[in-house]
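Structure, as structure tokens:
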Amino acid sequence: IAAFFHYAAFYRISTERIRITSGLGAGKVREIPLGQIRSVTVRREVLNQWFDLGALVITPREDRVEPAVLKGIPDPERLKQQLDWLAGLREPARSA
């Protein structure tokens, strides 16, 4: 059980930032403002594809800052599109 809480991560995505909390209680907190995102990529493993899960790799604009990896994300392609739009990396999809 202790290992679960040690490695657990919780993600909160708002229209302004991504907040990543890892660990239990007063664990580590990392915030990435959406305006500071350089790219969002989807990473999938074979087993996760069966359950439509994946990981999002969030690369910040600053070169010396490590990318953040959000694991266990349901429908990661949809969330990537939303984050791309919120971060200003692409235009919203137009309906016909």
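I'd like the full set of residues that are within 20 Å of Arg12 (Cβ to Cβ) and assigned to a loop (DSSP other than H, G, I, E, B), limited to region 37-87.
The answer is Val65, Glu66, Pro67, Asp75, Ala87.
I'd like the residue in region 11-46 that is closer than 23 Å to Asp63 by Cα and among the hydroxyl-bearing types (Ser, Thr, Tyr) and, out of all such residues, is surrounded by the fewest Cβ atoms within 10 Å (Cβ to Cβ).
For region 11-46, the residue satisfying everything is Thr41.
Rundown of residues vs (1) modelled with pLDDT of 90 or more; (2) more than 24 Å from Arg90 (Cβ to Cβ), yes/no style:
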| site | (1), (2) |
| --- | --- |
| Phe5 | no, yes |
| Tyr11 | yes, no |
| Thr15 | yes, no |
| Gly25 | no, yes |
| Glu45 | no, yes |
| Asp52 | no, no |
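The values are calculated or read from the model by the stated rules, or taken from the named source; none is laboratory data. Not measured: the values here are computed from a predicted model. So basically every Cβ, Gly included, is an ideal-geometry build from the backbone, and we count neighbours across all protein chains shown.
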